[in-house]
Amino acid sequence: MRPSSERKIGVIGLGLLGSAIAERLLAAGFPVCGFDIDAGCRARLEAAGGTVAGSASNVADACRFIVLSLPDSRVVGAVLEEVEANLSDPRLFIDTTTGDPDDTVKCSERLAGRGHEYLDASVGGSSKLLAAGQAILMVGGDADAFQRSSSILGAIGERVFHVGQAGAGIRMKLVFNLVLGLNRAVLAEGLAFASRYGLSGLQALEILEAGPAQSRAMDTKGRKMLARDFAPEARLSQHLKDVRLILEAGAGCGAHLPLSLLHRQLLEHAESLDLGASDNSAIIESFR
């Protein structure tokens, strides 16, 4: 599929991630029609060159391919219930929401029963990384639908992985976020330890980056932690939601996740400090 005026892409949910997705699609030459309940988010899309619809249903009416970027599975279900009622022709939904894998499978089955297609396309990386073309996509769903969406998915992610049937994308995202989140937590603990131990935080970070302890988390979050710059690129409460999903999934499959149990406690403590809407680098405040 090539970008053209006849191939407008819908984006429902224009928060940090949804806005970055819309901008990536626009940069690739796709016309974008979007909606969000927040007026500021709608204005941001319009300023970027997209078209703002009056409702989620209007987006679905206007577009054959629809990207969802919503807070959780509950909101996805509510939005789909709203938009499905008036759809007569098949649609292909690309859901970038990190939700419950079981809900995702049920959603895919329900949509298939009504003639629609559904991919769970989980994003690996923050909104900032995605906007810079450095995030990846982990996609679950039908292989033919995946192939038909390849140009859209390729415009969003630097690398795109088809990891299995419906729900597999979110399951892989939970594994991804487990490792990524614990990398951030370890970095936060190390930098807080260095500071308490009388060392320069900046020099400690420089040395960590230079040796085998280096991680991508240091590149994206180290200086934010040291400067207490918690302007959100990915919100702390959203990651806490993911960790709770990880623990639920672990309990369901019999996985032993002791580090994630501790991670949840650290994030809950940070949230109690009123840092839930801050960047997830604010986890360092749980160590300070």
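The values are calculated or read from the model by the stated rules, or taken from the named source; none is laboratory data. None of the values given here were measured: they were computed from a predicted structure. Cβ: placed from backbone, ideal geometry, glycine included. Neighbour counts: every protein chain shown. For the accessible areas, the whole protein counts, side chains as well, though only heavy atoms, and no ligand, DNA or RNA atoms are used. Shrake-Rupley method; radii C 1.70, N 1.55, O 1.52, S 1.80 Å.
What to note about this one:
- 5 angstrom amide H check on TYR118, placed H, neighbours 5+ away: PHE93, ASP142
- Cut-off 12 Å between beta-carbons: net charge of the residues surrounding ARG264, Lys and Arg +1, Asp and Glu -1: -2
- Shape of segment 122-183, Cα gyration tensor, a/c cut at 1.5: oblate
- Charge tally in the Cβ shell below 13 Å around CYS253, where Lys, Arg are +1 and Asp, Glu are -1, CYS253 excluded: -1
- Rounded to the nearest 20 debye, dipole of segment 80-150 from Cβ charges on Lys, Arg, Asp, Glu: 300
- Anisotropy class of segment 62-203 from Cα gyration tensor, a/c 1.5 cut: prolate
- Helices assigned as whole DSSP H runs in the chain whose Cα atoms extend at least 15 Å along their own long axis and whose mean Kyte-Doolittle hydropathy is 1.6 or higher are not found.
- Sum of side-chain charges, SER195 neighbourhood, beta-carbon under 12 Å (Lys, Arg +1; Asp, Glu -1): +2
- Signed unit charges on C-beta, dipole axis of segment 98-202, positive-most listed residue ALA185, SER122, GLN134: ALA185
- The label-point distance for ASN86 and ALA213, in a model that sets each label 7 Å from Cα toward Cβ, rounds to 5.7 nm.
- Peptide packing for 213-220, 145-152 was compared via the average number of neighbouring C-beta atoms within 10 Å per residue; ordered from the highest value, the list is 145-152, 213-220.
- Using a cut-off of 28 Å between Cα atoms, the listed pairs LYS8/LYS221; LYS106/LYS221; LYS106/LYS241; LYS128/LYS173; LYS173/LYS224 include LYS8/LYS221; LYS106/LYS221 as exceeding that distance.
- Amide H within-cut-off set for VAL32, under 5 Å, with H built and near neighbours excluded: ILE9, THR51
- Cβ-placed point charges (K, R +1; D, E -1), dipole of the chain about Cα centre in debye, nearest 20: 540
- Shape of the chain, Cα gyration tensor, a/c cut at 1.5: prolate
- Dividing the helix sum by the residues of the chain, where each DSSP H run of 4 or more adds -39500 (n - 2.57), gives a mean residue ellipticity at 222 nm of -17000 deg cm²/dmol.
- Fraction of antiparallel bridges per DSSP, the chain only, in percent to nearest 5: 20
- With all protein chains in place and a 1.4 Å probe, the accessible surface of the chain carries 52 percent carbon and sulfur.
- Computed FRET value (nearest 0.05) for GLN165 with ARG114, which takes r as the C-beta separation and R₀ as 22 Å: 0.75
- Amide H contacts under 5 Å for VAL160: LEU137, restricted to partners 5 or more places along the chain or on a different chain, H placed in the peptide plane at 1.01 Å from N.
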